[in-house]
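**Q** This is the structure I want to talk about, given as structure tokens.
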């Protein structure tokens, strides 16, 4: 490890997932600032497939919450019919509770990628050069949105905003795009944003030897 920790690394090390926020709502300029940084993230062939949507409508939030409640009920009913394990029931309820905090956040964003995007390998498949099973159709999109989210989170941390990325709610929202009135976009996650009202302790991370090795 390098002895010198530069300003960027300090921001990375300081960042935490924030689930409790102050009531103050960040100004539109602050939100536009973090989205602008997300837009600078690299993407394959500069395709820029990532899209962000701020959910400001209380009516839409209520629809999302209501749909989540209904889907949890359905999942628990299906589990009961199949004689599912109590552990799975606890898992469903735990992820539902974990997801609900987003409705109390000052800002909720939905992030997604455009549909119809074709990767390089996908184009080779269409040309008949590669067989279908060799194509990783979502790889480009998943990498692109991951890079954009990282930029958004680090910019947020740098200016004093907290964030949390949530994919759990999507398990309860199979028709999330319909509820949000979106076409041509597949929602990949939600992001909460606001001024932190908590200071979570660092979480345990894998050490370098567990995640890094050389292929010689």
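The values are calculated or read from the model by the stated rules, or taken from the named source; none is laboratory data. The model shown is predicted, which means the values in this text are computed figures rather than measured ones. In this analysis, Cβ positions are derived from the backbone assuming ideal geometry, glycine residues included, and neighbour counts consider all displayed protein chains.
**Q** Please specify each residue of the range 15-32 satisfying the condition of being in contact with a helix residue (DSSP H, G or I) (Cβ under 6 Å, 6 or more places away or on another chain) and either exposed (fewer than 11 other Cβ atoms within 10 Å of the Cβ) or farther than 14 Å from residue 106 by Cα (or both).
**A** 15
**Q** So, residue 210, is that one part of a helix (DSSP H, G or I), more than 22 Å from residue 53 (Cα to Cα), over 19 Å from the mean Cα position of the chain (by Cα) and modelled with pLDDT of 95 or more or not?
**A** Answer is yes for this residue.
**Q** Can we say residue 57 is surrounded by 17 or more Cβ atoms within 10 Å (Cβ to Cβ) and within 30 Å of residue 196 (Cα to Cα)?
**A** In short, no.
**Q** Restricting to the range 176-203, count the residues that are in a loop (DSSP other than H, G, I, E, B) and in contact with a helix residue (DSSP H, G or I) (Cβ under 7 Å, 6 or more places away or on another chain). It would help to see each step written out before you state the result.
**A** Taking the range 176-203 first, the residues in a loop (DSSP other than H, G, I, E, B) are 181-184, 195, 197-203.
If we keep only those that are in contact with a helix residue (DSSP H, G or I) (Cβ under 7 Å, 6 or more places away or on another chain) too, we end up with none.
Of the residues in the range 176-203, 0 are in a loop (DSSP other than H, G, I, E, B) and in contact with a helix residue (DSSP H, G or I) (Cβ under 7 Å, 6 or more places away or on another chain).
**Q** When you scan the range 33-47, how many residues do you find that are in contact (Cβ under 8 Å) with a residue 12 or more places away in the chain and at positive phi?
**A** 1
**Q** Restricting to the range 77-108, name every residue that is under 15 Å from residue 173 (Cα atoms) and either in contact with a helix residue (DSSP H, G or I) (Cβ under 6 Å, 6 or more places away or on another chain) or in contact (Cβ under 8 Å) with a residue 24 or more places away in the chain (or both).
**A** Correct list: 92, 95, 96, 98, 99, 100, 102, 103.
**Q** I need the full set of residues from the range 102-120 which are modelled with pLDDT of 95 or more and crowded, with 18+ Cβ neighbours inside 10 Å, in order please.
**A** Here is the first cut: in the range 102-120, the residues modelled with pLDDT of 95 or more are 102-114.
The answer is 102, 105, 107, 108, 109, 110, 111, 112, 113.
**Q** Residue check: is residue 130 surrounded by 10 or more Cβ atoms within 10 Å (Cβ to Cβ), touching a helix residue (DSSP H, G or I) at 6+ places or on another chain (Cβ under 6 Å) and free of Cβ contacts under 8 Å to residues at least 40 places away in the same chain?
**A** In short, yes.
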